[in-house]
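What follows is a short report on a single structure.
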Amino acid sequence: MGKKIIIGNLKTNMDYETVVKYIERIKNRITYPAVILVPTSLYVPYFKELNIKLAVQNIYFENEGSYTGEILPSQAKSMGIKYALVGHSERRKNLKENNQMINKKIKAGLKENMGIVLCVGETIEEKVLLETEDVLKRQIFTALKGIDDLKNIVIAYEPVWSIGTGKIPTERELINTIKFIKDFVKELKRGQEIKVLYGGSVNIKNIESLTKIEEIDGYLIGGASTKPEEFIEIINEVESLV
Ligand code: 13P
């Protein structure tokens, strides 16, 4: 297996002053090559000095024009950003982003040769009703509709109930669900393999046990990535174990 990918999603945390301090504290301390930081777009120019790969938290699917508030893949690319998160559950919930829109966004990103991190995951209600696999199938089937080449796509499995709650699935649940996603994609896309990351309350306390799960190809980290010392410790831990 290749290196485990570590993505730090800073979401909408930190004001400018905090960003400056954050950058100061992680500068020259991250040498692991498979790290991607996902800052609030407003602060991208400041993060560029870190020489770490960057992603945007969202992209839009239209061509250049009048779409107030959106960011196009071509604009991200012109700022040297090669990766994008698509379909994060916070956008699905708060902005009613649906699987069809997510499909269009992925296609738009791929057209610009961006690396796409497709976020999927079930809510607690869906989990209790034993609908996790059906939900994942629906999300993945529609998001990848009409897309034949998966080489620039990874999937981030982020159970909604696990984001920011301190709760993570059991080892057995993670192995089963991640295997399920990989098998489903393989069957859907003529034998192609896809990497699957895990996201949801990843922190310094659980990273060691998570790295032992071979099926997980990396981590999408929210809260813990906003704390420089913890984020660096997590990266060091992953680096030492893989
Ligand atoms: P937390 O790590 O804060 O649970 O967030 C996970 C997440 O949503 C990353 O995209």
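The condition (being touching a residue at least 12 places away in the same chain (Cβ under 8 Å) and of a type in the set (Asp, Glu)) is satisfied by just one residue among Glu17, Glu49, Glu24: Glu49.
More than 27 Å from Lys205 (Cβ to Cβ) and of a type in the set (Phe, Trp, Tyr) - does that describe any residue in the range 172-181? No: the range 172-181 contains no residue that is more than 27 Å from Lys205 (Cβ to Cβ) and of a type in the set (Phe, Trp, Tyr).
When Phe61 is tested against (1) farther than 24 Å from Lys137 by Cα; (2) assigned to a loop (DSSP other than H, G, I, E, B); (3) open to solvent by less than 60 Å² (accessible area, probe 1.4 Å), just one condition goes unmet, and that condition is (1). Pairs meeting the criteria (first residue in the range 86-98 and in contact (Cβ under 8 Å) with a residue 40 or more places away in the chain, second residue surrounded by fewer than 23 Cβ atoms within 10 Å (Cβ to Cβ) and acidic (Asp, Glu), beta carbons under 7 Å, at least 6 apart or on different chains) are Gly87/Glu97. May I ask you to verify whether Thr132 is hydroxyl-bearing (Ser, Thr, Tyr) and surrounded by fewer than 18 Cβ atoms within 10 Å (Cβ to Cβ)? Here the answer is no, as Thr132 does not meet what is asked. Can we say Ile5 is touching an Asp or Glu at 6+ places or on another chain (Cβ under 7 Å) and either touching a residue at least 24 places away in the same chain (Cβ under 8 Å) or open to solvent by less than 10 Å² (accessible area, probe 1.4 Å) (or both)? Yes; evaluated as a whole, the condition is true for this residue. For the range 181-190, taking the residues that are open to solvent by 40 Å² or more (accessible area, probe 1.4 Å) and out of contact with any Phe, Trp or Tyr (no Cβ under 9 Å at 6 or more places or on another chain), the one that is nearest to Leu241 (Cα to Cα) is identified as Lys182.
Yes/no per residue for (1) touching a strand residue (DSSP E or B) at 6+ places or on another chain (Cβ under 9 Å); (2) not charged (D, E, K, R):
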| position | (1), (2) |
| --- | --- |
| Phe141 | no, yes |
| Thr165 | no, yes |
| Arg172 | no, no |
| Asn176 | no, yes |
| Gln192 | no, yes |
| Ile221 | yes, yes |
| Lys227 | no, no |
| Phe231 | yes, yes |
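Just checking, which of Thr12, Thr68, Thr18 is outside any loop (DSSP other than H, G, I, E, B) and open to solvent by 30 Å² or more (accessible area, probe 1.4 Å)? Sole residue among the options that is outside any loop (DSSP other than H, G, I, E, B) and open to solvent by 30 Å² or more (accessible area, probe 1.4 Å): Thr18. Among the listed residues Thr123, Thr165, Thr170, which satisfies the condition of being surrounded by 15 or more Cβ atoms within 10 Å (Cβ to Cβ) and either in contact with a Ser or Thr (Cβ under 7 Å, 6 or more places away or on another chain) or not basic (Lys, Arg) (or both)? That would be Thr123, the only listed residue that is surrounded by 15 or more Cβ atoms within 10 Å (Cβ to Cβ) and either in contact with a Ser or Thr (Cβ under 7 Å, 6 or more places away or on another chain) or not basic (Lys, Arg) (or both). Looking only at residues of the range 2-45 that are touching a Pro at 6+ places or on another chain (Cβ under 6 Å) and among the aliphatic types (A, V, I, L, M), we find that the one that is farthest from Cys119 (Cα to Cα) is Ile26.
One residue alone among Ile36, Ile23 is open to solvent by less than 10 Å² (accessible area, probe 1.4 Å) and either outside any loop (DSSP other than H, G, I, E, B) or within 14 Å of the ligand (Cβ to nearest atom) (or both), and that residue is Ile23.
The values are calculated or read from the model by the stated rules, or taken from the named source; none is laboratory data. This is a predicted model, so every value here is computed, not measured. All Cβ positions, glycine included, derive from the backbone under ideal geometry; neighbour counts span all protein chains shown. Quick note on the areas: whole protein, heavy atoms, side chains included, nothing else; ligands and nucleic acids left out. Shrake-Rupley method; radii C 1.70, N 1.55, O 1.52, S 1.80 Å.
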